[in-house]
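Participant: The structure is given below, and queries will be raised subsequently.
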Amino acid sequence: MKKPLTASTTPPLIGHNEIAVTGATGFIGTTLIKQLSNAGWQVRALYRPHGGRVPPNLPGVKWIAGDLNNIAALHSLVADVNAVIHCAGAVRGASRADFDQINEAGALHVAQACAAQIVKPRFLLISTLAARMPELSHYAGSKWRGEAAIKTVAEDMRWTILRPPAVYGPGDRELLPLFKSMAKGFAPLPAGANGRFSLVHVEDLVAVMVRWLAQDNAYGQTFELDDGHAGGYDWDSVLDISGRVLRHGGVVRRIPIPITLLKLVAWTNFAAAKLFGYAPMLTPGKIREITHTDWMCDNSEIIRMTGWQPTIDLARGLANIFDKNHKKK
Ligand SMILES: NC(=O)c1ccc[n+]([C@@H]2O[C@H](COP(=O)([O-])OP(=O)(O)OC[C@H]3O[C@@H](n4cnc5c(N)ncnc54)[C@H](OP(=O)(O)O)[C@@H]3O)[C@@H](O)[C@H]2O)c1
């Protein structure tokens, strides 16, 4: 169903309203192009045409085949557009090179294509809160280097960087296994993990991007954002909320997984991934990320600049996920 257009999300009436999006086939990008299409923007979306894949047909969305190393495709993607949302990224990989090739060099290529335009499009980079701690993992480091890369190229461009915390919602594959366990009443978590972290629902994250497009401000800055839950969460509070949301009123029990065991699995996974050439999720770097004690964000600056407000709290977001998975059974 089309959402009603509001002054804060509608495309400008004058000038071109075409937007280029990378990463449009991923978890966040899929929600993004749907919201853009619903809000009446014309979208050019990059996709990798591997395996004869046919991207979804959406009103106003034109697909361009190519990847982040295909400079000609990137120029076709960004030529004459109003803005570029660079959402493509590698969230798993076996080596620093795997991540850097996409998160640093890929971001650089898109920014260079934008900088080469006579009228340079506005540029929004979807980075990550992890970029705050680049030393923790290859992923975090590569996203931080991607941020640095676009700033050097895009000096005379209007760029903005968003650093979301963990994002959840329909289509997410990273947190889904944990949510599925929680729906069954247990949650395998690293033993002793008691850090605090922020979360954001994918619909809210995408809403801030659409708001940024329509507002045409907030340039030259890096913003964190979350669901507005003051002080973030710890795992006990997430399990508590889950227990209350689950219809059977169940308690969600924490199953502590010893860190040494997790590290063993991560190192084995890491070595096997290098040997067999796949992209692992659980790596030593990922363990350092998930056991880091402070992943909390501050919403105030992005709210002040764009007027965006998060609308989906964790109880509502989880209820939706538990409900969908219950119906799929
Ligand atoms: N999910 C989170 O919790 C989270 C949190 C903070 C920040 N982020 C950031 O948000 C962005 C999107 O994440 P996501 O969760 O949506 O990841 P995702 O589901 O893995 O999607 C990644 C997207 O990037 C595309 N991509 C990857 N390498 C590419 C390349 N070389 N050329 C062209 N396209 C390429 C993928 O295309 P294919 O479909 O062809 O693979 C896909 O569309 C990433 O930059 C990530 O760092 C995510």
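The values are calculated or read from the model by the stated rules, or taken from the named source; none is laboratory data. Note that the structure is a prediction, hence the values are computed from the model and not measured. Here the Cβ is made from the backbone with ideal geometry for all residues, glycine too, and neighbour counts use every protein chain on show.
Participant: With the requirement that a residue be within 18 Å of Gly26 (Cα to Cα) and either β-branched (Val, Ile, Thr) or more than 13 Å from the ligand (Cβ to nearest atom) (or both), what does region 66-89 give you?
Facilitator: Val84, Ile85
Participant: Quick check on region 97-134: of everything there that is among the basic types (Lys, Arg) and over 18 Å from the mean Cα position of the chain (by Cα), which residue is surrounded by the most Cβ atoms within 10 Å (Cβ to Cβ)?
Facilitator: So the residue we want is Arg122.
Participant: Which one of these does Met296 not meet: (1) out of contact with any Gly (no Cβ under 8 Å at 6 or more places or on another chain); (2) within 22 Å of Val91 (Cα to Cα); (3) in contact (Cβ under 8 Å) with a residue 12 or more places away in the chain?
Facilitator: Unmet for Met296, out of (1) out of contact with any Gly (no Cβ under 8 Å at 6 or more places or on another chain); (2) within 22 Å of Val91 (Cα to Cα); (3) in contact (Cβ under 8 Å) with a residue 12 or more places away in the chain: (1).
Participant: Where in region 116-195 are there strands (runs of 3 or more DSSP E), lying fully within it, with 1 or more residues that are more than 30 Å from Val81 (Cα to Cα) and of a type in the set (A, V, I, L, M, F, W, C)?
Facilitator: Fully inside region 116-195 and qualifying: 186-190.
Participant: Find the strands (runs of 3 or more DSSP E) located wholly in region 14-65 whose residues include 1 or more that are of a type in the set (Val, Ile, Thr) and within 9 Å of the ligand (Cβ to nearest atom), and list them.
Facilitator: 18-22
Participant: List pairs: first in region 92-105 and within 12 Å of Pro134 (Cβ to Cβ), second part of a helix (DSSP H, G or I) and within 10 Å of the ligand (Cβ to nearest atom), Cβ under 6 Å, 6+ apart or cross-chain?
Facilitator: Listed by first residue and then by second, the contacts come to Phe99/Tyr139; Phe99/Ser142; Asp100/Ser142; Asn103/Ser142; Asn103/Lys143; Asn103/Gly146; Glu104/Ser142; Glu104/Gly146.
Participant: Out of the residues in region 288-319 that are among the hydrophobic types (A, V, I, L, M, F, W, C) and in a loop (DSSP other than H, G, I, E, B), which is farthest from Val265 (Cα to Cα)?
Facilitator: Looking at the filtered set, the residue picked out is Trp308.
Participant: Something else about it: If you go through region 260-287, how many residues are in a helix (DSSP H, G or I), among the β-branched types (Val, Ile, Thr) and within 23 Å of Ala131 (Cα to Cα)?
Facilitator: Of the residues in that region, 1 qualify.
Participant: Give Arg173, Arg196 a once-over and let me know the one that is surrounded by 14 or more Cβ atoms within 10 Å (Cβ to Cβ) and charged (D, E, K, R).
Facilitator: One residue alone meets the criteria, Arg196.
Participant: Would you mind finding the one in Ala94, Ala90 that is modelled with pLDDT of 95 or more, surrounded by fewer than 22 Cβ atoms within 10 Å (Cβ to Cβ), among the aliphatic types (A, V, I, L, M) and in a loop (DSSP other than H, G, I, E, B)?
Facilitator: Details: Ala94 fails: modelled with pLDDT of 95 or more.
Every option except Ala90 fails the conditions.
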